Amino acid sequence: MLCEICHEKEATVRITRIHHGNSESHNLCQDCAKQYGAEDPEAQDLSKAIFKLLAGALMKHLGPQNQNSEENERAKKLACPNCGKTFGEVLEDGLMGCTDCYETFEPQILPMIMRIQGADTHTGKKAVKARRKKTEQKNVEDQTLSKKEELSLLEDRMKIAVSEENYEEAARLRDEIRRLTGELHG
Amino acid sequence: MDERWYHRKGENDDVVQVSRIRLLRNFKKWKFPARMSEEERTEMLRTVDEKLPRLQEILGQPVQKLETDELIEEEKLTLQERLLINKATLEQKKRAIVYASADEAFSMTVGGSDHLRLLLSEHGQGLGPLYELLSEVDSYIDSRIPFAYSKKVGYETSSLQNVGTGMRAYYVMHLPLLSESRNFQTLSREMIKFGVVMKEAWISGAKKIGGLYVLYNQRTLGMKEQDLMDILTNVAVRLTGEERELREKMPDLMLRDRVLRSYGILLYAEQLDFPEACQHLSNLLLGVSTGILSFTKEMSIYELMLGIFPGNLQYYFKQKADDQKLRRLRSQYLKEYLEYIEMA
């Protein structure tokens, strides 16, 4: 078997990742694997290589046999208004260009994050600004309950749309959610 | 050298050599490093340099500033070996600045693959206090220069592999006997089910050396930092128990032979290559942990393991050296330190 990164040398090292509790293995050659063998296992380059494999698999999955392929082509051309990076480029190098990329490509990257991380919602430490907002919000919480319910409903629908890879619908719902969130925050 | 972190005595350091936490952060204001212009990069480096006057105070020690493009090759090598700068940052053509604490436990790289890479290490087992301190530094920076963060996915990183907490926690463990046992592979496979990755810390060619293994959390999203660390610690505690049991079970004669044989070689060898020296140091560490050997001053075998890397040797002896010269310097270096180790 050839190395999945260089496609040149014989793969002798096996690297295993977990997605949704299932393991997924990549076979690399000694040279490609060795570069990442140091005690510092950040392996940015390796991450990139593996991301490419994942992205490749994902796009294949979304490929021509899928009836939404036209939308996928459109999604690839989607560009971030802040840094100009397109979603196609994100698929190429696996790197987000700026904070706005996260917002722009949200419907597209959430399923990818799900694949890579086995989850798509952060539950850890909150940024300083987000913590401040939360305390301010508490005061208006009561009267906005129904809108909040509506919001969570929309969020559920967006998740479903994303899981069905219906990105157009997901994007529409995202805008709706954003509008409602805006209203909620006055 | 004496105040460096790996010199200190650590909790459970008969097995756990290093605890380490890494946080990746980006600022909201600028494009991520791969997309930012030279002007933006310069502005970011300057802003960080100016807006964090309390950094030393929070860390409780002086912080040194290093510009990557002002470093010579030997310096780069030794800084990389001491884990103050990662390889990717040194190899990029773009400017980056590293802030390192006097004990070298803390480093902050500005302008690597992400805007910020915060790293904190300690000898022995103890992720909790490390996270507490690093999180304080993190919140301080965030309050001065806001981070790119979203409610949904958390801290936004360049790579989706790190999104969420942006945290990777590590243990470096010395498992010479456990790694030779038959169920080691099974253990390793079992761990991955809990999202804990274990791999050889140091590899030379196809061979693992030094009996050192590194454990870290695979995922960075969907779990709280504390939970990620707890799982890692649970696994580390279990591995520590199993390794200790094997050490106790090993017949005294075999253990002593293994340790003292290596001790003898290190005492008398005139030249040593890295894998061989590392293997013998691993046995010395086993000897210190089981009471066969003891130190006559405060030091750790782990610091010697770091010390015998090519860059660190050249740094220590303040001279350039080719491979052959390095082998001689390595044995010389170890002999100097072996004076402080005696048979118990």
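Of everything in the range B:134-158, what is among the small types (Gly, Ala, Ser) and in contact with a Leu (Cβ under 6 Å, 6 or more places away or on another chain)? Give them in sequence order.
So in the range B:134-158, the residues among the small types (Gly, Ala, Ser) come out as B:135, B:139, B:143, B:148, B:150, B:154, B:158.
B:Ser158 - this is the single residue of the range B:134-158 that is among the small types (Gly, Ala, Ser) and in contact with a Leu (Cβ under 6 Å, 6 or more places away or on another chain).
Mind checking which pairs have a first residue in the range B:115-142 that is closer than 13 Å to B:Ala105 by Cα and a second that is aromatic (Phe, Trp, Tyr) and assigned to a strand (DSSP E or B), Cβ under 6 Å, 6 or more apart or different chains?
Close Cβ pairs (under 6 Å, with a partner that is aromatic (Phe, Trp, Tyr) and assigned to a strand (DSSP E or B)) amount to B:Leu120/B:Phe106.
Give the residues of the range B:172-216 that are more than 11 Å from chain A (Cβ to nearest Cβ) and assigned to a strand (DSSP E or B), sorted by residue number. Spell out the reasoning first.
So the first thing to find is which residues in the range B:172-216 are more than 11 Å from chain A (Cβ to nearest Cβ), and the list is B:173-187, B:190, B:211.
Matches in the range B:172-216: B:Met173, B:His174.
Among the residues of the range B:143-165, are any part of a helix (DSSP H, G or I), within 22 Å of B:His115 (Cα to Cα), in contact (Cβ under 8 Å) with a residue 24 or more places away in the chain and more than 7 Å from every other protein chain (Cβ to nearest Cβ)?
Of the residues in the range B:143-165, the ones part of a helix (DSSP H, G or I) are B:143-144.
Next, from what is left, pick out any that are within 22 Å of B:His115 (Cα to Cα): B:143-144.
Next, only the ones that are in contact (Cβ under 8 Å) with a residue 24 or more places away in the chain stay: B:144.
Subsequent filtering for residues that are more than 7 Å from every other protein chain (Cβ to nearest Cβ) retains B:144.
Yes: one or more hits.
Can you confirm whether B:Ser159 is within 30 Å of B:Glu50 (Cβ to Cβ) and at pLDDT below 95?
Details: within 30 Å of B:Glu50 (Cβ to Cβ): yes; at pLDDT below 95: yes.
Against the criterion (within 30 Å of B:Glu50 (Cβ to Cβ) and at pLDDT below 95), B:Ser159 qualifies.
Check the range B:123-130 and report whether any residue there is outside any helix (DSSP H, G or I) and among the hydrophobic types (A, V, I, L, M, F, W, C).
First, the residues of the range B:123-130 that are outside any helix (DSSP H, G or I): B:123-126.
Next, only the ones that are among the hydrophobic types (A, V, I, L, M, F, W, C) stay: none.
Looking through the range B:123-130, none of the residues is outside any helix (DSSP H, G or I) and among the hydrophobic types (A, V, I, L, M, F, W, C).
Let's see how each residue does on (1) without any contact (Cβ under 8 Å) to a residue 40 or more places away in the chain; (2) closer than 25 Å to B:Glu74 by Cβ:
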residue: B:Gln279; (1), (2): no, no
residue: B:Gly287; (1), (2): yes, no
residue: B:Leu293; (1), (2): no, no
residue: B:Tyr337; (1), (2): yes, yes
residue: B:Ile341; (1), (2): no, no
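With the structure loaded, tell me whether B:Leu246 is closer than 17 Å to B:Leu187 by Cα and out of contact with any strand residue (DSSP E or B) (no Cβ under 9 Å at 6 or more places or on another chain) or whether it fails that test.
Working: closer than 17 Å to B:Leu187 by Cα: yes; out of contact with any strand residue (DSSP E or B) (no Cβ under 9 Å at 6 or more places or on another chain): yes.
So B:Leu246 fits the description; yes.
If you take the residues in the range B:34-47 that are of a type in the set (D, E, K, R) and surrounded by 12 or more Cβ atoms within 10 Å (Cβ to Cβ), which one is farthest from B:Ala96 (Cα to Cα)? Quick ask: steps written out before the conclusion?
Step one: filter the range B:34-47 for residues of a type in the set (D, E, K, R), giving B:35, B:38-41, B:43, B:46.
Next, only the ones that are surrounded by 12 or more Cβ atoms within 10 Å (Cβ to Cβ) stay: B:35, B:40-41, B:43.
Numbers: B:Arg35: 15, B:Glu40: 12, B:Arg41: 9, B:Glu43: 12 Å.
Filtering first and then ranking leaves B:Arg35.
Just wondering, is there one or more residues in the range B:3-25 that are buried (at least 19 other Cβ atoms within 10 Å of the Cβ), farther than 22 Å from B:Glu81 by Cα, polar (S, T, N, Q) and in contact (Cβ under 8 Å) with a residue 24 or more places away in the chain?
For the range B:3-25, residues buried (at least 19 other Cβ atoms within 10 Å of the Cβ), farther than 22 Å from B:Glu81 by Cα, polar (S, T, N, Q) and in contact (Cβ under 8 Å) with a residue 24 or more places away in the chain: absent.
Hey, B:Ile21 hits all of (1) assigned to a loop (DSSP other than H, G, I, E, B); (2) in contact with a helix residue (DSSP H, G or I) (Cβ under 7 Å, 6 or more places away or on another chain) but one; which does it fall short on?
(1)
Just a yes or no: is a residue in the range B:24-40 outside any loop (DSSP other than H, G, I, E, B), under 27 Å from B:Tyr302 (Cα atoms) and either of a type in the set (A, V, I, L, M, F, W, C) or within 14 Å of chain A (Cβ to nearest Cβ) (or both)? Break it down stepwise before answering.
Going through the range B:24-40, the residues outside any loop (DSSP other than H, G, I, E, B) turn out to be B:24-25, B:27, B:38-40.
Cutting the leftovers down to under 27 Å from B:Tyr302 (Cα atoms) gives us B:24.
Retained after the next criterion (residues that are either of a type in the set (A, V, I, L, M, F, W, C) or within 14 Å of chain A (Cβ to nearest Cβ) (or both)): B:24.
Yes, there is a match, as at least one residue in the range B:24-40 is outside any loop (DSSP other than H, G, I, E, B), under 27 Å from B:Tyr302 (Cα atoms) and either of a type in the set (A, V, I, L, M, F, W, C) or within 14 Å of chain A (Cβ to nearest Cβ) (or both).
Counting only residues that are over 26 Å from B:Ile21 (Cβ atoms) and basic (Lys, Arg), give me the helices (runs of 4 or more DSSP H) lying completely in the range B:232-344 with at least 3 of them.
Result: B:252-268, B:323-338.
Looking only at the range B:82-112, count every residue that is within 25 Å of B:Leu212 (Cβ to Cβ) and not acidic (Asp, Glu) and tell me the total.
Of the residues in the range B:82-112, the ones within 25 Å of B:Leu212 (Cβ to Cβ) are B:82-91, B:98, B:100-101, B:103-107, B:109, B:112.
Right, trim to not acidic (Asp, Glu) and you get B:82-90, B:98, B:100-101, B:105-107, B:109, B:112.
So the count comes out to 17.
For the range B:53-93, what are the residues that are within 14 Å of another protein chain (Cβ to nearest Cβ) and touching a Lys or Arg at 6+ places or on another chain (Cβ under 9 Å)?
Selection gives B:Gln80, B:Arg82, B:Leu83, B:Ile85, B:Asn86, B:Thr89, B:Leu90.
For B:Pro275, only one of the following conditions fails: (1) more than 28 Å from A:Gly118 (Cβ to Cβ); (2) more than 20 Å from the chain's Cα centre (by Cα). What is its number?
So the condition that B:Pro275 fails would be (2).
Report yes if B:Lys224 is of a type outside the set (Ser, Thr, Tyr), surrounded by fewer than 22 Cβ atoms within 10 Å (Cβ to Cβ) and touching a Phe, Trp or Tyr at 6+ places or on another chain (Cβ under 9 Å), otherwise no. First the steps, then the outcome.
Values: of a type outside the set (Ser, Thr, Tyr): yes; surrounded by fewer than 22 Cβ atoms within 10 Å (Cβ to Cβ): yes; touching a Phe, Trp or Tyr at 6+ places or on another chain (Cβ under 9 Å): no.
No: the conditions fail for B:Lys224.
The values are calculated or read from the model by the stated rules, or taken from the named source; none is laboratory data. Because the structure is a prediction, the values reported are computed rather than measured. Note that each Cβ is placed from the backbone with ideal geometry, even for glycine, and that neighbours are counted across all protein chains shown.
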